[in-house]
Each structure stands twice: as C-alpha cells, then as structure tokens.
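Quick one: structure below, then a few questions.
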Amino acid sequence: MWIVTREGSDAEQSAQALRARGLRARCLPCIEREALPWPPALAPRRDAAGTLIMCTSPFAARLVIARWPALREAAGDTPLSCAATAPATARVLDEADVPVTVRAHGGVVALAGAVASAVRGGPRPLVLYPTSDVGEQSAEHATALAELPGFADVCRAIAYATRAAPELERALGDLEPDAAMLVFSPSAVDALSAAATRAGAALPRTVVCVGDSTARAYERATKRHAVQVPRGAELADFLSSLPETAP
C-alpha cells in the first residue's frame with residue numbers, strides 16, 4: 001500500500017495516477033499550507049534590470065499565478081519572469097502561461113545556482129523569493145540564498161505558512177503492515193519525522209523521496225539512505241520496479 005503524503009488535491013491526483021497503473025494507494029497528507037497576505041516587499045521594481053520570482057513549490061507557484069496581474073503591472077516595461085524547480089513547480093507555471101526563464105532539478109539550492117549562472121555577467125536583476133515560515137528557517141534555503149548576492153539583489157519574504165497536518169501522530173500509528181510511503185518535500189519529511197518521534201512510531205521500511213531536496217532532508221532527519229525517484233522517471237513505473245513493494 002503506497003501512502004501518498006502530499007497535501008490537498010495534489011495527494012488525490014497522485015494516488016489516482018498510481019491506482020490507474022494497478023498500484024494500491026491512499027492519501028495521508030502530512031502538511032498543510034496556508035496563504036498569507038502577499039508581502040509588500042515582494043514587488044518588482046521598475047528601476048531594476050528585470051525581476052525573477054523564485055518558486056520552489058507548486059503552492060508557491062499558484063500564489064504567484066494569482067498575483068501575476070498585479071506583479072506584471074508593478075513591473076511596467078521591465079522584464080518579469082519566474083525561476084522554478086523542475087519538473088512539478090515549473091509545470092504549474094507553464095500551464096498558467098506564466099513565463100519560466102530559469103528552471104532546475106535538485107531543489108532550491110540547484111535553482112539558486114541556476115539563477116546565478118543565468119544572470120552572471122549581465123545587468124543585476126531583482127530576485128523575489130516567496131517562501132514559507134518553515135522554509136525561511138531552513139539551512140537549505142540559507143545555503144541557496146548565499147549563491148545570489150554577488151549577482152542579484154534578493155528579497156525573501158514569507159508568503160505562506162506550513163504546518164503539520166492534524167492527527168498525523170495518530171495516523172502514523174494506524175499504517176497498514178505493508179505500507180510504503182511517498183514523500184514530496186522537505187517540510188513533509190520534517191513533519192513526519194517529528195510526529196513519528198512524538199508518537200513512538202517507526203516510519204515504514206520503504207520510503208521513496210521525490211526530489212533531491214526531499215532526499216537530502218530525509219537522510220538528515222532519519223540517518224537512513226533515501227530511495228529517490230530518478231530524474232525523468234515516470235513515478236508509477238519506478239514504484240512498480242521495486243520488488244519489495246510490487247502489488
């Protein structure tokens with residue numbers, strides 16, 4: 001039984017895709033995200049050479065999409081586009097016809113490196129980074145931001161809140177004996193690890209991480225090797241290839 005730990009409608013979409021391929025799956029959201037008032041600091045400046053908005057999660061991308069008309073108006077005639085982690089976050093922006101000029105696999109650290117490479121040697125742009133209250137405190141986000149000050153003016157501000165889902169501790173105690181878990185973000189890893197510790201429960205033997213940042217967070221939190229979906233692999237195909245979890 002695959003336990004899909006994404007939040008909201010994303011979890012059900014992933015679970016349905018797995019079921020369509022003959023895999024047993026159910027949803028167990030482990031985090032919740034809540035939009036906060038858009039920070040005034042996260043606004044394009046017309047005196048900047050251009051503005052890049054860094055999006056590191058589909059949720060952040062949807063906030064930017066909702067705000068796009070106001071952001072476009074604030075930018076005036078100056079260039080405005082997004083930098084996004086691939087593939088999921090970039091895909092959300094692509095589907096909304098919001099321009100993505102920088103994209104990178106590997107999470108926020110890789111994305112910051114890609115932004116630095118893209119703007120190095122050119123006019124100094126403004127980089128806006130809407131993040132979560134949890135993300136603002138993470139070491140990985142701090143490492144990413146250290147890449148940019150030499151090449152861009154950076155403004156990071158909290159645009160949404162992330163918290164553990166209610167009843168997560170109880171839910172971890174009720175997992176099926178054959179449960180295997182899919183984890184999609186560092187925030188989900190942190191919530192699961194903390195809830196398991198409080199509940200005195202063990203995470204399933206098989207935990208598969210989607211994305212480099214998620215895998216790094218899992219290894220830091222659990223001291224276990226992370227099984228990671230290879231870049232470009234179709235999720236259901238990869239899960240079906242794991243002999244210990246095949247239906």
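Under the 0.36 nm per residue contour assumption, what length would be gained going from the current alpha-carbon distance of D178 and A139 to full extension?
Details: separation 39, 0.36 × 39 = 14.04 nm, distance 3.36 nm.
So the extension gain works out to 10.7 nm.
Cα-based Rg of region 35-162 per 2.2 N^0.38 Å, rounded to two decimals? Please list the in-between numbers first.
Working: Rg = 13.0 Å, N = 128, 2.2 N^0.38 = 13.9 Å.
Ratio of Rg to 2.2 N^0.38 Å for region 35-162: 0.94.
Where both residues lie in the chain, what percent of DSSP beta bridges are antiparallel, nearest 5? Intermediate results must be reported in sequence, preceding the final value.
Values: 5 of 35 bridges.
Beta bridges within the chain, antiparallel portion: roughly 15 percent.
Which ordering of I3, I158 is given by a fewest-first count of other beta-carbon atoms within 10 Å? Walk me through the numbers before you get to the answer.
Numbers: I3 22, I158 17.
Ordered by Cβ neighbours within 10 Å, fewest first: I158, I3.
Mind checking which of G135, P44, L93 is farthest towards the positive end of region 35-162's charge dipole, using Cβ charges of +1 (Lys, Arg) and -1 (Asp, Glu) about the Cα centre?
The listed residue farthest towards the positive side: P44.
Using label points projected 7 Å from each Cα along Cα→Cβ, tell me how many nm separate A201 and D94, to one decimal.
Taking the two extended label points, one gets 3.6 nm.
Using only Cα atoms, locate the centre of region 165-201 and the centre of region 98-149, then give the distance between them in Å, rounded to an integer.
If you average the Cα positions of each part, the centres end up 29 Å apart.
Tell me the Kirkwood radius of region 17-102: reciprocal of the mean inverse pair distance over distinct alpha-carbon atoms, in Å.
14.6
For region 45-86, what is one quarter of the convex hull surface built on the Cα atoms, given in nm²? Write out the running numbers ahead of the final one.
On the way: hull surface 11.3 nm².
For region 45-86, averaging the hull's shadow over all directions gives 2.8 nm².
Could you tell me which of rounded, prolate or oblate describes region 133-240, using a ≥ b ≥ c as the square roots of the eigenvalues of the alpha-carbon gyration tensor, with rounded for a/c under 1.5 and, failing that, prolate when a/b is larger than b/c and oblate otherwise?
Working: a/c = 2.44, a/b = 1.50, b/c = 1.63.
In terms of gyration-tensor shape, oblate.
Okay, next question. Which residue, E12, E32, E176, has the most motion in a Gaussian network model of the chain that connects Cα atoms within less than 10 Å?
E176
To the nearest µm²/s, what D does Stokes-Einstein give for region 14-61 at 25 °C and 0.890 mPa s, using the Kirkwood radius over alpha carbon pairs as Rh?
D, rounded to a whole number, is 165 µm²/s.
Further, regarding this structure: Determine the relative contact order of region 35-162: mean sequence separation of Cα pairs under 8 Å and six or more apart, normalised by residue count, in whole percent.
On the way: 249 pairs, mean separation 39.9, N = 128.
For region 35-162, the relative contact order is 31 percent.
When the Karplus curve 6.51 cos²θ - 1.76 cosθ + 1.60 is applied with θ = phi - 60°, which whole-Hz ³J(HN,Hα) does each residue of region 31-48 get, with x for Gly and Pro?
Going residue by residue, I get 9, 10, 10, 9, 5, 10, x, 4, x, x, 5, 8, 10, x, 10, 6, 8, 7 Hz, with x marking Gly and Pro.
Under the definition of Cα pairs under 8 Å and six or more residues apart, what whole-number percent is the relative contact order of the chain?
Answer for the chain is 21 percent.
Values in this text are rule-based calculations from the coordinates and carry no lab data. Computed from a predicted structure; not experimentally measured. Quick reminder, even Gly has a Cβ in these numbers, built from the backbone with ideal geometry, and neighbours come from all protein chains shown.
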